[in-house]
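Undergrad: To start, I am sharing the structure in question, which I have written as structure tokens.
The values are calculated or read from the model by the stated rules, or taken from the named source; none is laboratory data. Just so you know, these numbers come straight off a predicted model, no measurement behind them. No Cβ is skipped: glycine too gets one built from the backbone with ideal geometry, and neighbour counts run over all protein chains shown.
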Amino acid sequence: MRYECFIGLRYLLGRRKSFFVSLTTLLSMAGVAVGVMALIVVIAVMSGFDSDLKEKIAGTNAHLYIEAFEGMTSPEEVVAHLASVEEVTGSSPYIQGQGMVVKGDAVRGVLLRGVDPKRESSVTRIQSYLEKGSMALGPEEILLGRELANTLNVDIGDELRVVSSFKTKGETFRVGGIFRSGMYDYDLNLAFVSLRDARRLFHMEGLVGGVGARVVDMYQVEKVRQKVERLLGPRYRVTTWIDLNRNLFGALALEKTAMFIILSLIVCVACFNIASSLIMMVMEKTKDIGVLKSIGSTGRSIRLIFSIQGLLIGLVGILGGVAGGFGLCAFLKRYPFIRLPQDIYYIERLPVEIQWGDSFLIAFAALLISWLATLYPAWQASRLDPVEALRYE
């Protein structure tokens, strides 16, 4: 062990002349720990929001959308091409358009999606979201989200009218199923009918709106899109679930970055305490610094001694903060007692997901700030004149 490390440890762990200096050191460690813990918990919650939201969006929608510019007349040809792509696990034609559902005096605008009930389970997770009824939509049957069913006060077997821009008088449909995705926006504004009924509602006989496809890894969908575009050629437009929600994901990423910067200020404030603690330490150890310099210690060695001491204070605080942050995240994940209003936050519980890369970045940033806080006190200590330090000793 270099003597600078030994002296730095001794200064940190040894008995102090001033209780105030010791208290300031402990408060510095506690401040860094609280800042790091707050950062880890908040970033984990925001990462959980991000992942949960993406799972809900990708679970209710296809990963890839293939559309023809003038309507698709041969969807089975596209489905056959997609089956040859290794990363594609399923595909199904669809029709999508705006409509209204009417029950008595209750009227609600919805996104009507016509699907092939037999193939839809290979493209979305609507089958697993079912609370009541069946996905096997028969003629004039409709599948509603839980929030939409509550708004219209309907249940399985009840009848309502479905209106589109082409069917202004509407048609009578029977509620064949109710699903709950866990995302308020979809549960309130999305309804499914069979492909045959959608063709009739939107006057698209012989046509479909496009083909939806699901891929193995939804986060690698961009690579699959490029492969599908080369396979199908310029006649078709291929979009991904990320393209359709790019503004939302961009806002989430920006919010996460902003929270990281704001909460880092807590660590910065704690590191001011480290700086003040080291300044008082330099004043307390003036005689020791003079002795060290008189026996040949260089300014660099003196700087290193106090830098090591400040880094150790920061490191202890960081380790405590990481342990506290992980512990609190585990507690919140195990006991999700915090409930959220779904109409505001889309989801009902506080999600927590620790990202190891984010945690490492938080710890590294805190350590860097701690090191920066040591520079001025260490520089001041290295400039002490040994003659002046020992003049009255």
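Undergrad: Just the residues that are touching a Ser or Thr at 6+ places or on another chain (Cβ under 9 Å) and on the phi > 0 side of the Ramachandran plot, please, taken from the stretch 107-151.
TA: Glu140
Undergrad: From Gly104, Gly71, which residue is on the phi > 0 side of the Ramachandran plot and out of contact with any Gly (no Cβ under 9 Å at 6 or more places or on another chain)?
TA: Checking each option against the conditions leaves just Gly104.
Undergrad: Name the single residue, out of those in the stretch 369-393 being modelled with pLDDT of 80 or more and β-branched (Val, Ile, Thr), that is nearest to Ile308 (Cα to Cα).
TA: Once the filter is applied, the top-ranked residue is Thr374.
Undergrad: Exactly one condition in (1) out of contact with any strand residue (DSSP E or B) (no Cβ under 6 Å at 6 or more places or on another chain); (2) part of a loop (DSSP other than H, G, I, E, B) is not met by Leu137; state its number.
TA: Here Leu137 clears every test but (1).
Undergrad: Are any of the residues in the stretch 241-253 at pLDDT 85 or above and outside any helix (DSSP H, G or I)?
TA: Within the stretch 241-253, one or more residues are at pLDDT 85 or above and outside any helix (DSSP H, G or I).
Undergrad: For the structure I just gave you, tell me whether Val291 is among the hydrophobic types (A, V, I, L, M, F, W, C) and modelled with pLDDT of 85 or more.
TA: For Val291, the condition - among the hydrophobic types (A, V, I, L, M, F, W, C) and modelled with pLDDT of 85 or more - is not met.
Undergrad: Only one residue in Ile354, Ile338 is modelled with pLDDT of 85 or more, β-branched (Val, Ile, Thr) and outside the structural domain of Asp185 (by TED's automatic domain parsing), so which one is that?
TA: Of Ile354, Ile338, the one residue that is modelled with pLDDT of 85 or more, β-branched (Val, Ile, Thr) and outside the structural domain of Asp185 (by TED's automatic domain parsing) is Ile354.
Undergrad: What pairs come up if the first residue lies in the stretch 48-59 and is under 13 Å from Met218 (Cβ atoms), the second is of a type in the set (Asp, Glu), and their beta carbons are under 7 Å apart, counting only those six or more places apart or on different chains?
TA: Listed by first residue and then by second, the contacts come to Ser51/Glu353.
Undergrad: Right, something else. Go through the stretch 219-261 and count every residue that is among the aliphatic types (A, V, I, L, M), touching a residue at least 12 places away in the same chain (Cβ under 8 Å) and over 19 Å from Glu55 (Cα atoms).
TA: 5
Undergrad: Could you run through the stretch 213-226 and say how many residues are out of contact with any strand residue (DSSP E or B) (no Cβ under 7 Å at 6 or more places or on another chain) and buried (at least 17 other Cβ atoms within 10 Å of the Cβ)?
TA: Final tally of qualifying residues: 1.
Undergrad: Restricting to the stretch 149-173, name every residue that is in a loop (DSSP other than H, G, I, E, B) and within 28 Å of Gly59 (Cβ to Cβ).
TA: Asn153, Val154, Asp155, Ile156, Gly157, Asp158, listed by residue number.
Undergrad: A further question follows. What is the residue count in the stretch 174-210 for residues that are part of a loop (DSSP other than H, G, I, E, B), out of contact with any Gly (no Cβ under 8 Å at 6 or more places or on another chain) and crowded, with 18+ Cβ neighbours inside 10 Å?
TA: 2
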